[in-house]
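One structure below.
Any read-out appearing in this document is the output of simple, stated calculations on the displayed coordinates, not a laboratory observation. Note that the structure is predicted; figures quoted are calculated from it, not measured. Cβ placement follows ideal geometry from the backbone for every residue including glycine, while neighbour counts extend to all protein chains displayed.
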Amino acid sequence: MTDYEGHSTPLDVLKDYWGYEGFRPMQEEIIETTLAGRDVLAILPTGGGKSVCFQVPGLIRGGLTLVVTPLIALMKDQVQNLENRGIRSLAVHAGMSRHEVDLALNNAAYGDYAFLYLSPERLGTQLFKSYIDVLPIRCIVVDEAHCISQWGYDFRPDYLRIGELRKRVDAPVIALTATATPPVADDIMERLGFREKCCLKSGFERPNLTYVVRKREDKNGQLLNICNGVPDSGIVYVRNRRKCEELAAFLSANGVSASFYHAGLGGETRSERQAAWKRGVIRVMVCTNAFGMGIDKPDVRFVVHFDVPESPEAYFQEAGRAGRDGERAYAVLLWNGIDLRRMKQLEEVSFPSLDFIEEIYQKLHVFFEIPYDAGIGRQLKFKIEEFCRRFRLQRAPAFHALRYLEREDHLTYSEEVDIATKVRIAVERKALYDVELPEQRMADLLDALMRRYTGIFSFVQPIDEESISRQLGLTVPALRQLLYRLSLEHVINYIPADHSDVVFLHHDRRRPGDLALSPEKYSMLRQRYRERTEAMKNYIEESEECRPRFLLRYFGQEDTADCGTCDVCRAKPSVLGVPNATQKQVTRQRLIAFVNTEKSGEYALQDIMLEFGNPARGYSPDFLDILRLLIDEGTVPPYQS
C-alpha cells in the first residue's frame, strides 16, 4: 500500500497534502477520536470542513477508507480532489454497469487505493457483499449520517445496511452531518451500532451571518433590491426548475449577472455554470437544492430563499453557505400568504395514499415489462415524464410515490445521474492495424483508448472524455464526433453519454397485496413532516425571538444569546444605537434626511429601493409604508415617476 507512515501527526498530513497550517474548530478532536479506534458522530455546520475529518485519519490508519454518501456529484468532486493530491481514490455509484462496479471493487481490494466512495444502495448488492471480506477496510465513513434516522428529514433505508456491514468489518465509524436534532443524533449512534456513544458537536453560531425574514407580496422586486444592494456573489434558492429559469431571466433583464442551475441540465452545462459562478463570471446563481453541496466558495455574501424550505434542517444548511470567509453575509427568506397555503398543499402531495403508492409500484414494473418474481438488482434508466404520459399520471404524486417506495426499501430512485460515454473496440487487436481509417485523428484516438483502457477489447468501458480530449487537443464535441464516425466504420461500439434518472430495484417484483407498506410507518413519517413544516411556519412568523436563537434551540443548543443583527433583534429598542428608538423610528428619520437633505426633494422610487431595500443597512422592511405616510403628512415631497 502507499506509504503514509512518514507523517507522524495529523497536522503533518494536513500540511503535506492540503497545505493548511492548522485545523478548524473540532476537526482535530474528531480526528484524534478516530485514531484512538473509537466511533464518533461529528455534527459540524455547513462549511465546517467535514471531509478533512475522515480523509486525514484515513491516510494515517492506512488500508482502505470506505465512504458511504448519497451525493454523487460531491463523491466525484472529492475523488478528483484526492487524485489531484496524489491520493488514489475510487467511486461506485448509480449509473455504473455491473462490470464497471466489479472492476472498481477489484481495484479497491487488490490495488493501491486509499479511499472508496460508495453510494448507499450498493451496500445491499450481492456483488459488494462478495468483496467485503477482501476489502482492506480500516475505517467506515458515513456522510450525511442523518439519512440513517427515521426521525431525520431525509431518511434512506439503504443506510441501515451499514449496521449489517459492521458485523463483518472491524473498523471504527466516523458519522458526519451538518444537521441533527438531539433525538436524531441518538438514533444515528444506535443504528450505526456505536460501541459507546460519542458525539462531538461544533457550535452552530455564525456571528457574521445576519438572518433576515421579510413578508413581501412583490418578491421579485425585493430580490432585485437585495441583488443590487449587496455586492459580490449570491445564491437564490427556489423550489422548482421553471421558477429557477424565470427568476434568472428576470434578474438578467434588470442588469444583474445571473444564471440558473438545476438537476435537469446536462452534467457538462452544470459544471461550466458552477465554475463560472466560482470564478465570479456569474455573480448570482438561481437554483434548486441541487446546487451547493460540496462547493467551497468562501465569499458568498448572500443566500436568498425565494420559497419557504420544507424543514429547518434544509434551511439551516443552505443558508450556511453564505459568509464562510467570516466576513459579514446575509441569509434572507422571503415569504407571503401564498407560501403558507403551498406548505399545506405540499403535505398532501408529498404523501399520496398507500393504495396509490402500490399502484405506482406495479405500473413501474409494467413500464419496464418486468414479470412477477423477477427484477432484483435491475438498474433502470427512467424518464418520469414518459412514465406519467404512458399511464396518464400527474408528475408530483408519482414522484413522491417513488420516493416513498424508496423509504420503504423497495427501490432506490436517483435523479439526473450523469452516465459516462462507453466504448468497446469491436475489431480484434491484430486485425485493427489492417483497418483503413479515413482520418489520422481516428487512429490517434484508438491508440489513446488502447493505452488507457486495457480491457476495452473485451468489455464496454466508460471513458473520461475531458481527459482524452485534452490529450488529443480536441474539444469534447469534436471527440464525440470522432467516436460516432468510428462507430459508423464498425470499429467500435459507442454508447454516448447520457443524463437520466436511475431506478435500482431491491427485490423481485411482488404480486398485488404482497407489497409491505406499513400504515404505522406512513403515519409516523407524515407526522414528522408536519412537525418540520410547522417549525418553519413558526420561524417565519416569529417576531419576538432572535432568529439564530430560534434555529439553535431547534437543534438542541439552548444556552445562546441574541445575535443583535437579525431582523428581530434590529426591531428591538436601542439595538440600532439610538436610545429608546425603534427600527421604524430610525427608518423614518433616515428617510426624511435622505429625501430632503441628500436628494434635495428630487428623487425616484428606485433611489429609495436601493438605499433602504438592502438588508445590510438594517432599516425597517416597511420603509415604503413609512415613506407613503411621510408624503401624506407633507413631511417629504412625492417621488418622481
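Brief remarks on what is shown
- For the pair Lys363 and Lys521, a Förster radius of 35 Å applied to the C-beta separation gives a FRET efficiency near 0.95, rounded to the nearest 0.05.
- The charge dipole of region 476-604, taken about its Cα centre with unit charges on the Cβ atoms of Lys, Arg (+1), Asp and Glu (-1) only, comes to about 180 debye.
- Rounded to 5, the percent of DSSP beta bridges in the chain classed as antiparallel: 25
- Degrees, to the nearest 10: 440-452 long Cα axis against longest axis of the chain: 80
- Selection from Cys569, Leu605, Tyr529, by position along the positive dipole direction of region 499-641 (Cβ): Tyr529
- A simple charge model with +1 on the Cβ of Lys and Arg, -1 on the Cβ of Asp and Glu and nothing else charged puts the dipole of the chain at about 540 debye relative to its Cα centre.
- Environment charge of Thr65, counting only residues whose C-beta is closer than 13 Å and scoring Lys/Arg +1, Asp/Glu -1: +2
- Remark: the Cα gyration tensor places region 103-176 in the prolate category, a/c being 1.5 or greater and a/b exceeding b/c.
- 3J(HN,Hα) couplings calculated from phi for region 619-636 with the Karplus curve 6.51 cos²θ - 1.76 cosθ + 1.60 (θ = phi - 60°) are, in sequence order, 7, 4, x, 8, 4, 6, 5, 5, 4, 4, 5, 5, 5, 4, 6, x, 6, 10 Hz; Gly and Pro show x.
- C-alpha long axis of helix 98-110 to longest principal axis of the chain, angle in °: 90
- The amide H of Asp39, built 1.01 Å from its N in the peptide plane, has Val173, Arg195, Glu196 as neighbours under 5 Å, considering only residues 5 or more places off or on other chains.
- Pairs of C-alpha atoms in region 86-216 farther apart than 19 Å represent 57 percent of all such pairs.
- Degrees separating the helix 50-61 axis from the principal Cα axis of the chain, which is the longest one: 40
- Summarising the amide proton neighbourhood of Val67: residues at separation of 5 or more, or on other chains, whose placed amide H is nearer than 5 Å comprise Leu116, Tyr117, Leu118, Val141.
- Each residue of region 25-34 is assigned a 3J(HN,Hα), and the resulting list reads x, 6, 4, 5, 4, 5, 4, 5, 4, 5 Hz, derived from the Karplus form 6.51 cos²θ - 1.76 cosθ + 1.60 (θ = phi - 60°), x at Gly and Pro.
- Unit charges on C-beta of K, R, D, E only; dipole of region 384-512, Debye: 440
- Positive dipole terminus of the chain, leading residue within Pro438, Ser458, Gly337 (C-beta point charges): Gly337
- Prolate/oblate/rounded label for region 289-377 (Cα gyration tensor, a/c 1.5): oblate
- Most positive-pole-ward Cα, Tyr639, Val256, Tyr413, against dipole of the chain from beta carbon charges: Tyr639
- Backbone N atoms of region 598-620 closer than 20 Å to the 7 Å Cα→Cβ label point of Gln640 belong to residues 598-612.
- FRET efficiency, 1/(1 + (r/R0)^6) with R0 56 Å, evaluated for Asp434 and Asp299 via beta carbons: 0.45
- Whole-Hz ³J(HN,Hα) from phi, Karplus 6.51 cos²θ - 1.76 cosθ + 1.60, for region 412-425, glycine and proline x: 10, 10, 9, 8, 6, 8, 7, 9, 5, 4, 10, 9, 10, 6
- A cut-off of 5 Å between modelled amide H atoms, ignoring neighbours fewer than 5 places along the same chain, links Phe382 with Asp501, Val502, Val503.
- Overall form of region 338-443 per C-alpha gyration tensor (a/c, 1.5; a/b vs b/c): prolate
- The relative contact order of the chain, computed from alpha carbon pairs under 8 Å that lie at least 6 residues apart in sequence, is 13 percent.
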